[in-house]
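Have a look at the structure below, then the notes.
Every number here is computed from the coordinates shown, using simple stated rules; none is lab data. Given the structure is predicted, the values throughout are model-derived calculations rather than measurements. Note that each Cβ is placed from the backbone with ideal geometry, even for glycine, and that neighbours are counted across all protein chains shown.
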């Protein structure tokens with residue numbers, strides 16, 4: 001009867017009796033394998049979840065980049081992008097056409113196989129930046145990709161020759177266009193707003209879209225490059241830093257950045273946060289609005305944020321806007337951008353918006369500008385909004 005029950009259960013396929021010890025061993029082994037597999041699956045999912053979890057945008061101490069991998073060990077992708085020094089010379093036609101010069105070195109125009117224009121940045125021997133910044137920029141640009149961040153085409157690291165090879169931005173940098181040094185017409189107000197939006201989107205990606213998040217640390221008008229159609233992209237990531245909770249950082253007494261654009265809180269405390277980039281971006285917005293130098297010792301107020309606040313308190317509204325615009329802008333959009341710029345450039349980080357909020361406001365300002373223009377309304381046909389901004393400048397670092 002017992003044998004009949006076993007066969008009816010479907011576990012009996014032959015008349016040969018299987019030893020009880022064998023059945024018990026196989027069953028135990030099967031259970032153990034299943035348990036081990038479940039433990040491994042759970043551990044893998046937990047690790048994946050923790051690695052992809054969003055990290056709070058908290059402040060950190062200034063220090064080394066969290067990435068310590070040697071350049072040659074970063075990735076296979078990177079090895080594909082490595083150029084020899086002789087190739088760099090061929091690309092630039094032996095450094096025939098310089099485009100400009102920065103802290104890293106001279107930037108030259110280049111051409112790869114007649115099909116791709118590039119900008120080649122060579123590290124000079126007298127550069128204030130060095131291998132650490134070079135390495136940081138290569139590592140960052142290989143792992144971040146955004147339409148409003150300049151793309152890295154390749155690099156050279158050969159017997160002391162260091163070079164970064166970028167996509168070529170045909171319209172130069174924002175500063176040259178605002179200053180009138182570039183051979184082109186004056187940037188229209190709507191074009192300036194679109195440039196600001198593009199740059200803001202690049203920063204928003206660094207702060208929110210990257211894992212771990214990034215702080216650029218050197219946002220300024222010369223680091224906003226313009227391509228065809230004046231599409232703007234952020235450049236120069238040599239000072240950029242990752243930040244995350246639980247990381248180990250070395251305190252540095254040397255504050256990196258450009259005088260005038262540097263967050264006064266960062267200058268005073270040596271602590272860096274994403275809102276430090278927001279301050280610098282606010283200064284860029286003031287440049288876009290006023291076309292004034294960031295620091296000008298001949299003005300009654302040398303810093304552009306101080307000067308703007310001073311002019312507002314005097315009620316000299318017309319004296320703030322770039323005279324090259326000749327009033328060709330909608331007053332409501334202009335003053336909304338001005339108010340946003342002053343909020344971003346507030347000496348207190350607690351009063352600054354984040355880049356997500358900045359992007360939303362700038363897009364609304366551009367929409368306002370375009371809709372008012374479409375309705376035939378201009379600056380003279382509307383009363384200027386009352387702008388009252390309290391701006392405490394005692395914490396601003398003096399120009400050096």
Förster radius 51 Å - calculated FRET efficiency between residue 117 and residue 38 (Cβ-Cβ, nearest 0.05): 0.40
The range 117-234: radius of gyration over Cα atoms, expressed as a fraction of 2.2 N^0.38 Å: 1.11
log10 of Debye I(q)/I(0), alpha-carbon scatterers only, for the range 174-381 at 0.07, 0.15, 0.16 Å⁻¹: -0.21, -0.94, -1.07
Ascending count of other beta-carbon atoms within 10 Å, so fewest first, for 168, 131, 108: 131, 168, 108
